[in-house]
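Following: one structure in structure tokens, then a few remarks.
The values are calculated or read from the model by the stated rules, or taken from the named source; none is laboratory data. Note that the coordinates shown come from a computational prediction; the quantities given were computed from them, not determined experimentally. Neighbour counts are summed over all protein chains in view; Cβ atoms, including those assigned to glycine, are modelled from backbone coordinates with ideal geometry. Please note that ligands, DNA and RNA were not included when accessible areas were found on the heavy atoms of the full protein model with its side chains. Shrake-Rupley method; radii C 1.70, N 1.55, O 1.52, S 1.80 Å.
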Amino acid sequence: MHTTKRWQGRAEGRRLGAMAGTISSGSRSEKNGWLRVLGVDPAATGPTGYGIVESDGRRCRMLHYGALKVAAKRQKECAGAALQDVHARVCGLIEEFSPDALAVESVFIALNMRTALRLAEMRGVILLAAAQHGVLVYSYAPREVKARVAGHGHAGKRQMQLMVRALLSMNETPEPSDAADALAVALCHVQTEQTQRRFGLAGQNVPAKPRAYRTRMGSPGLPNEIQPGGATRGGLPRIVSTR
């Protein structure tokens, strides 16, 4: 069972900041689609960040973000605890938000062998979760993510956090940095998709088909719709920890 913890003194379950843009009734056609992307920043030792971003081709907005940290005690009790918990969390996010695509950072080749192997294992369970739910996966190098989001491939964590906040028009800087990195990966994929569609470029994988946006908010049986006012649903926690 997942339990929530406070992050830098903020109350548990506090609702996230406003998302970019508001829905204009009557000015858009229902045929215009929204592309929803789940970004994941796998970690070999620290928290694994995740973030959900949605875009209609002109605006991007954040739906949810956070980080999963597996307690040291649980990792000692079970060698595969971290892999199991990350897999379960990604599956839960896919089932709850039904993303059109999953974007994940690739393994950085400059890492030492031991860290690279741990990171590869973590990416493996993320790819498994996506495959089990039929979600297309796109992999991006860390420098490519930084270049697309911050403008250059050597951006620091703080700069990435501020750029993510600006691009998503968030009222506060996303914390922890692992979650901001995950949002950045999702934004990287959104920008890549937009570039390919604009210039008719053929990617290695078939582009994810955007969902049709429903104009009737709060309709029963539509758990993945965005509620009016631009706030995330349910006040989901920023950081999740396992016992």
| query | With point charges of +1 on the Cβ of Lys and Arg and -1 on the Cβ of Asp and Glu, referenced to the Cα centre of the stretch 77-207, which listed residue (ALA120, TYR140, LEU83) lies farthest in the positive direction of the dipole? | reply | TYR140
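Please work out the average accessible area per residue across the stretch 55-159, using the 1.4 Å probe convention, and give it in Å². Numbers along the way, then the final one.
Details: 5320 Å² over 105 residues.
The answer is 51 Å² per residue.
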| Share of pairwise Cα separations in the stretch 144-194, more than 16 Å, in percent | 28
| task | Could you check how much of the accessible area of the stretch 31-132 is carbon and sulfur, as a whole percent, using a 1.4 Å probe? | result | 55
| remark: At 20 °C in a medium of viscosity 1.002 mPa s, the stretch 88-150 has a Stokes-Einstein diffusion coefficient, with Rh taken as the Kirkwood radius over alpha carbon pairs, in µm² per second, of 168
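Take every Cα pair under 8 Å in the stretch 94-143 that's 6+ residues apart, average their separations, divide by the length, and report that relative contact order as a whole percent.
Details: 42 pairs, mean separation 29.6, N = 50.
The normalised contact order for the stretch 94-143 reaches 59 percent.
Averaging over all projection directions, find the projected area of the Cα convex hull of the stretch 63-206 and quote it in nm² with one decimal place. Could the numbers behind the result be given before it?
On the way: hull surface 39.0 nm².
Convex hull of Cα atoms, orientation-averaged projection: 9.7 nm².
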| task | Please give the FRET efficiency for SER98 paired with LEU128, using the beta carbon to beta carbon distance and R0 = 25 Å, rounded to the nearest 0.05. | result | 0.90
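Could you tell me what a quarter of the Cα convex hull surface of the stretch 68-117 works out to, in nm² with one decimal place?
Details: hull surface 18.2 nm².
Its Cα hull, projected and averaged over all orientations, spans 4.6 nm².
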| 5 Å binning of all Cα-Cα separations within the stretch 38-141, expressed as whole percents from 0 upward | 2, 12, 24, 24, 19, 11, 6, 2, 1, 0
| query | So which aspartates and glutamates can LYS157 reach, going by Cα to Cα under 17 Å and dropping same-chain residues fewer than 8 places off? | reply | ASP41, GLU105, GLU144, GLU172, GLU175, ASP178, ASP181
| query | So which aspartates and glutamates pass the test for LYS73, namely a Cα distance under 14 Å, with those fewer than 8 places away in the same chain ruled out? | reply | ASP85
| Taking the Cα-to-Cβ direction at CYS78 and at ARG197 and moving 7 Å from each Cα, how far apart do the two end points lie in nm? | 4.0
| remark: Expressed as a whole-number percentage, the relative contact order of the stretch 36-75 with C-alpha contacts under 8 angstrom and at least six residues apart is 33
